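The values are calculated or read from the model by the stated rules, or taken from the named source; none is laboratory data. In this text the structure is predicted, and so the values were computed from the model without any measurement. In this analysis, Cβ positions are derived from the backbone assuming ideal geometry, glycine residues included, and neighbour counts consider all displayed protein chains. What goes into the accessible areas is simple: the full protein's heavy atoms, side chains included, and nothing from ligands, DNA or RNA. Shrake-Rupley method; radii C 1.70, N 1.55, O 1.52, S 1.80 Å.
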Amino acid sequence: MARIVVVTSGKGGVGKTTTSAAIATGLAQRGHRTAVIDFDVGLRNLDLIMGCERRVVYDFVNVINGDANLKQALIRDKRVENLYILPASQTRDKEALTEDGVERVLGEMAEEFDYIICDSPAGIERGALMAAYHADEAVVVTNPEVSSVRDSDRILGILASKTRKVEQGGDPMPGRLLLTRYSPERVERGEMLSIEDVGDILAIDLLGVIPESQAVLNASNAGQPVILDAESDAGQAYDDAVGRFLGEDRPLRFVDVPKRGFFGRLFGG
Amino acid sequence: MSASPSSVQAMELKGRMLLVSVLRVHDAEPHNLGNMLAARRDEAPDLMRDMPIVLDLQPVADAGDAALRAVVQQVRAAGFRLIGLQDGEAAQALEAADAAGLPPRLAMGGRGGSGEVALSEGRARREDPSAAAPEERDSAASGAPVAVHSATRVVDQPVRSGQQVYARGGDLLVTAPVSAGAELLADGHITVLGPLRGRALAGVRGLVTARIFCRRLEAELLSIGGHYRIAEDITEAERGDNRLVTLAGESLNITES
């Protein structure tokens with residue numbers, strides 16, 4: 001049975017899809033059979049980030065409606081073995097995600113895969129609730145600024161009450177924090193919340209800290225998950241996060257202001 | 001067991017002021033009213049369950065008794081416990097049609113009230129939930145008018161933005177952080193063994209001796225017995241660790257404890 005993971009945030013534009021793509025790719029790189037589903041029906045971003053937008057024939061809604069079967073809709077990644085993408089439909093809206101349909105598709109996928117990553121849309125509406133409802137655990141993506149933290153807090157509250165596990169009398173799903181677009185320099189200047197500030201407010205375990213990095217934008221434009229850019233700080237930080245996700249003990253990197261050398265300080269380099 | 005009749009009274013009859021919520025209906029159209037009730041329930045599901053209310057149908061008195069009866073049913077179905085009908089033409093029309101199953105007519109002061117006074121205790125306050133009965137000072141005697149059982153409600157999970165926890169008829173103990181945008185309500189005291197960044201309303205049914213304690217005070221709003229202070233009115237010096245909030249007269253005092 002697959003482990004179902006929802007990547008969520010409440011607020012838009014914080015890096016959910018980038019994170020979904022990176023984590024799914026990282027898990028597949030380690031040999032786990034992994035699928036990543038775009039729940040953002042109506043917008044469709046995941047296939048762009050994954051660089052498979054030109055290979056989309058059928059989508060998630062087609063599978064829910066029975067127009068296509070899973071095998072036809074799942075797109076196999078060309079770079080990483082064991083990685084499959086289920087894209088969202090751009091021509092439908094989120095109402096097309098029926099409870100029964102989502103449950104059936106996830107159930108079918110759970111037989112095939114080790115991990116299913118659900119890329120949640122922003123907001124707290126139907127699409128986001130659907131993405132979270134069946135999940136075993138959550139990765140909450142947050143930027144170090146107050147409105148994003150507030151929205152993540154709201155989502156955590158919803159995860160604590162509106163999931164299948166809770167409704168069946170189980171424990172609330174564990175949620176872990178992934179802090180993205182973190183800039184140690186701006187934290188030091190007091191322009192951004194620190195890891196400690198965010199941790200203090202959200203009171204959940206930290207899965208990782210991804211530094212603000214040009215590599216993320218470059219990767220998105222190239223249609224390549226940033227984790228594949230192993231030279232970049234963001235790619236390495238995501239790799240650490242995937243390691244921690246699987247229970248490895250990895251120290252945080254890229255969270256301190258880089259020390260400038262003597263001459264650098266002298267000449268204001 | 002035999003008690004001598006002279007030493008112990010089997011009962012006593014006393015007057016008591018009580019705070020009661022009044023539900024005033026402005027639109028008897030079932031769909032509109034249903035939407036409104038549902039919206040309220042979504043906002044505060046716990047608050048409405050078994051909440052004792054007096055129903056005021058005066059604004060829709062001319063809707064006819066069939067429509068009024070439907071309103072009564074709808075309000076009951078929403079979870080309210082009807083303890084009285086605001087006296088007036090509407091209540092009298094209802095009773096004239098069929099008194100069975102209706103709560104007693106109560107005449108209350110203020111808008112819509114008419115002559116006779118059915119409650120010998122005096123006039124219950126209506127409408128303004130923030131107005132606590134000022135005479136009530138005795139903690140054992142005041143507080144929730146209906147709840148006898150007053151077990152403390154304990155919450156071990158963080159209370160997050162958008163969540164609401166209500167300890168009906170008792171105290172509330174939260175052992176985790178309370179986020180900005182979260183709301184705690186209790187008929188009794190509120191204790192937060194973590195940072196309090198949301199709202200905390202103690203003694204929501206008029207217990208003015210209720211207290212709020214928190215490990216760290218960064219609250220958006222504090223209220224005891226209906227008297228409140230918003231974040232803007234809480235000074236930097238008053239914020240901090242281990243704060244106790246009490247009501248003295250009409251003002252909330254925040255002290256380090």
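One line per residue, one yes/no per condition, for (1) at the interface with chain B (Cβ under 10 Å from one of its Cβ atoms); (2) of a type outside the set (Phe, Trp, Tyr); (3) under 22 Å from A:Gly123 (Cβ atoms); (4) surrounded by fewer than 15 Cβ atoms within 10 Å (Cβ to Cβ):
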position: A:Glu145; (1), (2), (3), (4): no, yes, yes, no
position: A:Asp153; (1), (2), (3), (4): yes, yes, yes, no
position: A:Gly157; (1), (2), (3), (4): yes, yes, yes, no
position: A:Lys165; (1), (2), (3), (4): no, yes, yes, no
position: A:Met173; (1), (2), (3), (4): no, yes, yes, no
position: A:Thr180; (1), (2), (3), (4): no, yes, yes, no
position: A:Glu185; (1), (2), (3), (4): no, yes, no, yes
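Any chance you could count how many residues in region B:72-108 are of a type in the set (D, E, K, R) and crowded, with 17+ Cβ neighbours inside 10 Å?
2
Could you say which residue among B:Arg199, B:Arg216 is open to solvent by 10 Å² or more (accessible area, probe 1.4 Å), within 12 Å of chain A (Cβ to nearest Cβ) and closer than 20 Å to B:Ile254 by Cβ?
Of B:Arg199, B:Arg216, the one residue that is open to solvent by 10 Å² or more (accessible area, probe 1.4 Å), within 12 Å of chain A (Cβ to nearest Cβ) and closer than 20 Å to B:Ile254 by Cβ is B:Arg216.
If A:Ala160 satisfies all but one of (1) closer than 22 Å to B:Gln157 by Cβ; (2) in contact with a Pro (Cβ under 9 Å, 6 or more places away or on another chain); (3) at pLDDT 95 or above, what's the number of the condition it fails?
With (1) closer than 22 Å to B:Gln157 by Cβ; (2) in contact with a Pro (Cβ under 9 Å, 6 or more places away or on another chain); (3) at pLDDT 95 or above applied to A:Ala160, the lone miss is (3).
Which of the residues spanning region B:27-71 are among the hydrophobic types (A, V, I, L, M, F, W, C), closer than 12 Å to B:Ala93 by Cβ and free of Cβ contacts under 8 Å to residues at least 40 places away in the same chain?
Passing the criteria: B:Leu57, B:Val60, B:Ala61, B:Ala63, B:Ala66, B:Ala67.
Looking at region B:176-209 only, could you name the residues that are of a type in the set (Ser, Thr, Tyr) and touching a Gly at 6+ places or on another chain (Cβ under 7 Å)?
Within region B:176-209, B:Ser179 is the sole residue that qualifies.
Only one of B:Val155, B:Val159 is open to solvent by less than 10 Å² (accessible area, probe 1.4 Å), within 14 Å of chain A (Cβ to nearest Cβ) and not acidic (Asp, Glu); which?
Among B:Val155, B:Val159, only B:Val159 is open to solvent by less than 10 Å² (accessible area, probe 1.4 Å), within 14 Å of chain A (Cβ to nearest Cβ) and not acidic (Asp, Glu).
Where in region A:4-82 are there helices (runs of 4 or more DSSP H), lying wholly inside it, with at least 3 residues that are more than 12 Å from the chain's Cα centre (by Cα) and within 20 Å of A:Ile158 (Cβ to Cβ)?
Hits in region A:4-82: none.
Residue check, B:Arg168 against (1) within 12 Å of another protein chain (Cβ to nearest Cβ); (2) buried (at least 22 other Cβ atoms within 10 Å of the Cβ); (3) in contact with a helix residue (DSSP H, G or I) (Cβ under 8 Å, 6 or more places away or on another chain); (4) not aliphatic (A, V, I, L, M), all met but one. Which one?
(1)
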